[in-house]
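So the structure is just underneath, and the comments pick up after that.
The values are calculated or read from the model by the stated rules, or taken from the named source; none is laboratory data. Here the structure is a predicted model, which means the values were calculated and not measured. Here the Cβ is made from the backbone with ideal geometry for all residues, glycine too, and neighbour counts use every protein chain on show.
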Amino acid sequence: MTKFEYAPAPESRSVVDIAPSYGLFIDGEFTEAADGKVFKTVSPASEEVLSEVAQAGAEDVDRAVQAARKAFEKWSALPGAERAKYLFRIARIIQERSRELAVLETLDNGKPIKETRDADLPLVAAHFFYYAGWADKLDHAGFGRRTTEGHSGANPRPLGVAGQVIPWNFPLLMLAWKIAPALATGNTVVLKPAETTPLSALFFADICRQAGLPKGVVNILPGYGDAGAALVEHGGVNKVAFTGSTAVGKAIARQVAGTRKKLTLELGGKGANIVFDDAPIDQAVEGIVTGIFFNQGQVCCAGSRLLVQESIQDELLDALKRRLSTLRLGDPLDKNTDIGAINSAEQLARIKALAETGEAEGAERWSPACELPSSGYWFAPTLFTNVTQAHTIARDEIFGPVLSVLTFRTPDEAVAKANNSQYGLSAGIWTEKGSRILAVANKLRAGVVWANTFNKFDPTSPFGGYKESGFGREGGRHGLEAYLDV
Amino acid sequence: MPTSPKLSAPLEQGGAPTTPAFADVTASDSTLRRFLHGLPGVDAVGLEARAASLGTRSIKTTAKAYAIDLAISMIDLTTLEGADTPGKVRALAAKAVHPDPTDRTTPRTAAVCVYPDMVATAKAALAGTDVKVASVATAFPAGRAALDVKLADTRDAVAAGADEIDMVIDRGAFLAGDYLKVYEEIRAVKEASGAARLKVIFETGELSTYDNIRRASWLGMIAGADFIKTSTGKVSVNATPANTLLMLEAVRDFRAQTGVQVGVKPAGGIRTTKDAIKFLVLVNETVGEDWLDNHWFRFGASSLLNDLLMQRQKLATGRYSGPDYVTVD
Amino acid sequence: MSDRLSVLKTYKLYVGGKFPRSESGRVYEVTDSKGKWLANAPLSSRKDARDAVVAARKAFGGWSGATAYNRGQILYRVAEMLEGRKDQFVREVADAEGLSRAKAAVVVEAAIDRWVWYAGWTDKIAQVVGGANPVAGPFFNLSTPEPTGVVAIVAPRESSFLGLVSVVAPVIATGNTAVVIASEKAPLPALSLGEVLATSDLPGGVVNVLSGKAAEIAAPLAAHQDVNAIDLTGADQELARELEIAAADNLKRVLRPQAVDGEDFTADPGTHRLTAFLETKTVWHPTGSLGASGSAY
């Protein structure tokens, strides 16, 4: 018992009303799956069943794509300013309902309410607000006039139906990243949320209804990988956008090969967070914590490899361990919780297995004293030292609250090690020296480089990977390209 | 966490002069400058983000009750006006001893903080209690006077019975880079303070940058400060969560390096219970419970007390209180 | 129709977030297109113009320092608030411009949509007109647009509301603050817009609305050393020339009026009104070069 023990401060669950069952959202209506299949979605913090959700199959995918095709004609013909106003409405309704959605997301995903409230939801609303503004400004986006296929002079046009498959780590935010630019550019959408986190997407369907969005413009199909594959495969889909694992990303790339479908992939990562000896140490410690423990490390751009200059390793690790001891793990709905639950039993098993591999390969494991709840899926914040490039935990994406610490001697070595990865999504640089920031950033093969900060996102800022972290950018002016025939 | 020099001073509780340990550092203006400028930099955005993030902690029920009582016990109840009179000071002293006349279980404040010429009055009014008398000194608040005047000011306050001295550093000298002058002045005031505990005020609003605040913190601690204090309350930017967090990091690192624990006192601008609790969260999660005690953490405040009392009444009765139910002093 | 005597509105200036009468104490008669008296409007003096510049300057730091996202939210809020007071503006525009209710409604709706258009620009213009420059050396080099400062605007004479919105919104979208001289003969929609702006989370002083004789107010603004730019859209040729000469004294950025027959405010506004009041700032920073020996980073 410490002197200043924070009393429980749970966010009220009653702000969200979860129905016992949900359908698929196709052509503006909630419907059952054609084969009547359903699946349960549970709260990973307690394993309590939250709701039963219709499970989309190939037939439902077809129906949804047809609806989206039908809606495309009118939607893409609307003046951009009108599409903009629908998206502005959606942005505003999300802002209004953000507390409800934050609680819902925390229940279904297991992440702390502090994060859904202060990060996920504000970013979701901002993303819609941002792309709303582009809808009537596409001629100014700098993509020139379309000159392929003998057509010259036409302004950028939408692609058609976008088939979108999103992950469970930021369910509503990934939805926003996919749907907002798609609609702004005049495409219609069939989106499949992850099977462990379907609820916020279904609530979003309700928001589309409140906003008066025309039927069929947005279709939501909860389901498993088979539904995703059917969507990617469907001949009526013109554009595929996927965020998830590199393995699935590669499968999708093979699937769309030989078609005319435009593809963007946002996949895994093994981000290097490089700390130089002249770093602002206290802020670097915060950045390391944010980098790997934000959302329990279930972040594709997580700073999962800490590259610390050998000369300051000891003091940095002391400071880091001291800081980790103050992290509060527990009930995700408690406003003071820093570390929530792992999203699923399956993911937990994967994290555990990789951590065990780390130990088996001789890395030194450390976690702060930390009591894990008896039910639900939990993993204590974990740090591995004595890790080298040869260790599995320095190469494979763990997608959990596990940090691998490596050292370097010179900036060149730091860059070489940082780039020595199949991935290239994110990286961090901590130093007070400006030219070092820019020189190192120049050499890093990563889509996003954070200097003296980490895990910062903004709708205006393009995000996406190099190498096997995928291709295409989401966010900013660049994010429009994936949804335009340019 | 400065990388040099590495020290292994004996673990001490209670700010004691540490000159021997830092003899190399304070040998000359240039060694002192090299040391202070060798401290790790502060990234302003990151520091403020961390302070803001701790500010979102939700402190409820039992934790709130604990925090309110703790905050009351940490207040240096302050009056520093040209219009101060013995009557005003006695009223303040009475309030410090019995903050809430309707509830004798209310903790006392840590101290009453006055100008040197009011120390005797305060001392008499507080006789027989454990409430300390703190006195500002050294030509507070500007500190623009000759050293012997500042020392005389200090001795005056100590002679009148001050238990604690709140001195101001020479910000002009600091900003001009005369670190050794600032250091020597603090040393001299420390000596003149005798047994009184010395709080060193940086006037962080005038130092302006976080790097300066970190340097001033180390300078003050090396020179023997028992407390480092943000502000006089007389300029536009006083205590903020970010500058207090930075000073907490400094005392944390200083103890880790030297074994000497130094207190922290944010002052000025902390007016509500909500504010005060945010500062206590900063203490709790930055330096931990060793500092959760009025020997090591203080609030320089006046109107804060009534807000804490109203919140305390609310917790006890379930009703929101109002300004008619606390005393006006 | 009841016999109730209606309550008439006293139209006031909008300066620094407050609604003062003219410092001069003067008013002038505003009539509809057929000459029927509508209201008295404040006849602003040089001193009102001076006060408005002080207010605009004071607001500039906060407004230009606000995030582009925040400015976008506020401009969108203006559209939301206008939508709720559409009837009032339809009436005022119909009276001011001699339009039928239906035609006035089209104008007002276009004006509301124009706020939405510019709300979307706040956080996009930097990516359209700024960017990294590939200089031939070991330097990071980035150009970004920044607002010019305080912009004096001579609002269109004929288009009392759509024209007004079309000149004011782009100026503030990018972070400038504005002193607006409303249409001399039809100032009422502009003065009412001030009431909307005051309740749209827009900080006081970002937009300041003056009514009166355009030539009389514009001259001191064009000569004012603390005004950074002037939009002459509503000035006739002769006045525009005079003002441009005065503006040369401190090299104000000048947006000249369109050809004699004026500007079509119903057309796609493009970006020229945004870029007219932007400065481009280019930042150089060394990056050093790769190589083990002599590596600077």
Being touching a helix residue (DSSP H, G or I) at 6+ places or on another chain (Cβ under 8 Å), hydroxyl-bearing (Ser, Thr, Tyr), under 20 Å from B:His295 (Cβ atoms) and part of a helix (DSSP H, G or I), is that true of even one residue in segment B:212-226?
yes
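The rows are residues; the columns are (1) of a type outside the set (A, V, I, L, M); (2) buried (at least 17 other Cβ atoms within 10 Å of the Cβ); (3) within 23 Å of A:Asn420 (Cβ to Cβ).
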position	(1), (2), (3)
A:Ala355	no, yes, yes
A:Glu364	yes, no, yes
A:Cys370	yes, yes, no
A:Ser375	yes, no, no
A:Trp378	yes, yes, no
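How many residues does segment C:246-287 hold that are more than 14 Å from every other protein chain (Cβ to nearest Cβ) and of a type outside the set (Phe, Trp, Tyr)?
Final tally of qualifying residues: 25.
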Restricting to segment C:134-153, name every residue that is among the aliphatic types (A, V, I, L, M) and under 25 Å from the mean Cα position of the chain (by Cα).
C:Val150, C:Val151, C:Ala152, C:Ile153
Would it be correct to say that B:Asp275 is within 22 Å of B:Thr109 (Cβ to Cβ) and either within 13 Å of another protein chain (Cβ to nearest Cβ) or assigned to a helix (DSSP H, G or I) (or both)?
yes
Looking at (1) modelled with pLDDT of 95 or more; (2) assigned to a loop (DSSP other than H, G, I, E, B); (3) of a type outside the set (S, T, N, Q), which is the only condition C:Asp264 fails?
(1)
The residue from A:Asp282, A:Asp318, A:Asp331, A:Asp338 that alone is out of contact with any Cys (no Cβ under 8 Å at 6 or more places or on another chain), within 14 Å of chain B (Cβ to nearest Cβ) and crowded, with 24+ Cβ neighbours inside 10 Å is A:Asp282
Taking segment B:17-39, which residues are over 23 Å from the mean Cα position of the chain (by Cα) and within 12 Å of chain A (Cβ to nearest Cβ)?
B:His37, B:Gly38
Looking only at segment A:391-416, which residues are closer than 30 Å to A:Trp378 by Cα and assigned to a helix (DSSP H, G or I)?
A:Thr392, A:Ile393, A:Ala394, A:Arg395
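So which residues in segment A:423-448 are hydrophobic (A, V, I, L, M, F, W, C) and surrounded by 20 or more Cβ atoms within 10 Å (Cβ to Cβ)?
So the first thing to find is which residues in segment A:423-448 are hydrophobic (A, V, I, L, M, F, W, C), and the list is A:425, A:427, A:429-430, A:437-441, A:444, A:446, A:448.
Within segment A:423-448, A:Leu425, A:Ala427, A:Ile429, A:Trp430, A:Ile437, A:Leu438, A:Ala439, A:Val440, A:Leu444, A:Ala446, A:Val448 qualify.
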Of (1) surrounded by fewer than 23 Cβ atoms within 10 Å (Cβ to Cβ); (2) of a type in the set (Gly, Ala, Ser); (3) farther than 27 Å from B:Ala23 by Cβ; (4) in contact (Cβ under 8 Å) with a residue 40 or more places away in the chain, B:Ala162 fails just (1)
The residue that is farthest from the other protein chains (Cβ to nearest Cβ), considering only those in segment A:120-149 that are free of Cβ contacts under 8 Å to residues at least 24 places away in the same chain and of a type outside the set (S, T, N, Q), is A:Glu149
Can you tell me how many residues in segment C:125-153 are in contact (Cβ under 8 Å) with a residue 40 or more places away in the chain and over 20 Å from C:Val180 (Cβ atoms)?
16
Which one of these is within 14 Å of another protein chain (Cβ to nearest Cβ), β-branched (Val, Ile, Thr) and touching a Lys or Arg at 6+ places or on another chain (Cβ under 7 Å): C:Val116, C:Val78, C:Val90?
C:Val116
Could you count how many residues in segment B:139-165 are within 23 Å of B:Leu92 (Cα to Cα), in a loop (DSSP other than H, G, I, E, B) and within 19 Å of the chain's Cα centre (by Cα)?
5
Only one of (1) more than 14 Å from chain A (Cβ to nearest Cβ); (2) surrounded by fewer than 24 Cβ atoms within 10 Å (Cβ to Cβ); (3) of a type in the set (A, V, I, L, M); (4) outside any helix (DSSP H, G or I) fails for C:Ala219. Which number is that?
(4)
In segment C:119-160, how many residues are under 30 Å from C:Pro189 (Cβ atoms), more than 10 Å from chain A (Cβ to nearest Cβ) and out of contact with any strand residue (DSSP E or B) (no Cβ under 6 Å at 6 or more places or on another chain)?
7
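From B:Ala316, B:Ala250, B:Ala216, grab the single residue that is within 14 Å of chain A (Cβ to nearest Cβ) and either over 14 Å from the mean Cα position of the chain (by Cα) or under 17 Å from B:Val200 (Cβ atoms) (or both). Working first, answer last.
Values: B:Ala316 fails: within 14 Å of chain A (Cβ to nearest Cβ); B:Ala216 fails: within 14 Å of chain A (Cβ to nearest Cβ).
Of B:Ala316, B:Ala250, B:Ala216, the one residue that is within 14 Å of chain A (Cβ to nearest Cβ) and either over 14 Å from the mean Cα position of the chain (by Cα) or under 17 Å from B:Val200 (Cβ atoms) (or both) is B:Ala250.
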Among (1) surrounded by fewer than 22 Cβ atoms within 10 Å (Cβ to Cβ); (2) part of a helix (DSSP H, G or I), where does C:Leu99 come up short?
(2)
Among the residues of segment A:417-447, write down those that are away from every other protein chain (no Cβ under 14 Å) and outside any helix (DSSP H, G or I).
A:Asn420, A:Ser421, A:Gln422, A:Tyr423, A:Gly424, A:Leu425, A:Ser426, A:Ala427, A:Ala446, A:Gly447
Which of (1) without any contact (Cβ under 8 Å) to a residue 12 or more places away in the chain; (2) within 14 Å of chain A (Cβ to nearest Cβ) is the odd one out, the single condition C:Ala102 does not satisfy?
(2)
Taking only segment B:311-329 into account, find how many residues are surrounded by 18 or more Cβ atoms within 10 Å (Cβ to Cβ) and assigned to a helix (DSSP H, G or I).
3
Test A:Lys178 against the criterion of being away from chain C (no Cβ under 14 Å), assigned to a loop (DSSP other than H, G, I, E, B) and touching a residue at least 60 places away in the same chain (Cβ under 8 Å), and give yes or no.
no
Checking C:Val179 against (1) crowded, with 24+ Cβ neighbours inside 10 Å; (2) part of a helix (DSSP H, G or I); (3) among the β-branched types (Val, Ile, Thr), the condition it does not meet
(2)
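Applying the selection to segment A:188-235, what residues are charged (D, E, K, R), over 15 Å from A:Glu29 (Cα atoms) and not in a helix (DSSP H, G or I)?
A:Lys192, A:Glu195, listed by residue number.
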Matching residues, segment A:449-479, being out of contact with any Leu (no Cβ under 7 Å at 6 or more places or on another chain) and outside any loop (DSSP other than H, G, I, E, B)
A:Val449, A:Trp450, A:Ala451, A:Phe463, A:Tyr466, A:Lys467, A:Glu474, A:Arg477, A:His478, A:Gly479
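Which of the helices (runs of 4 or more DSSP H) found entirely inside segment A:1-119 contain at least 1 residues meeting this: in contact with a Gly (Cβ under 7 Å, 6 or more places away or on another chain)? Break it down stepwise before answering.
Values: elements: A:58-77, A:80-96, A:98-109.
Once the helices (runs of 4 or more DSSP H) in segment A:1-119 are filtered for at least 1 residues that are in contact with a Gly (Cβ under 7 Å, 6 or more places away or on another chain), what remains is A:58-77, A:80-96.
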Among the residues of segment A:221-244, which ones are surrounded by 15 or more Cβ atoms within 10 Å (Cβ to Cβ) and free of Cβ contacts under 8 Å to residues at least 60 places away in the same chain?
A:Ala229, A:Glu233
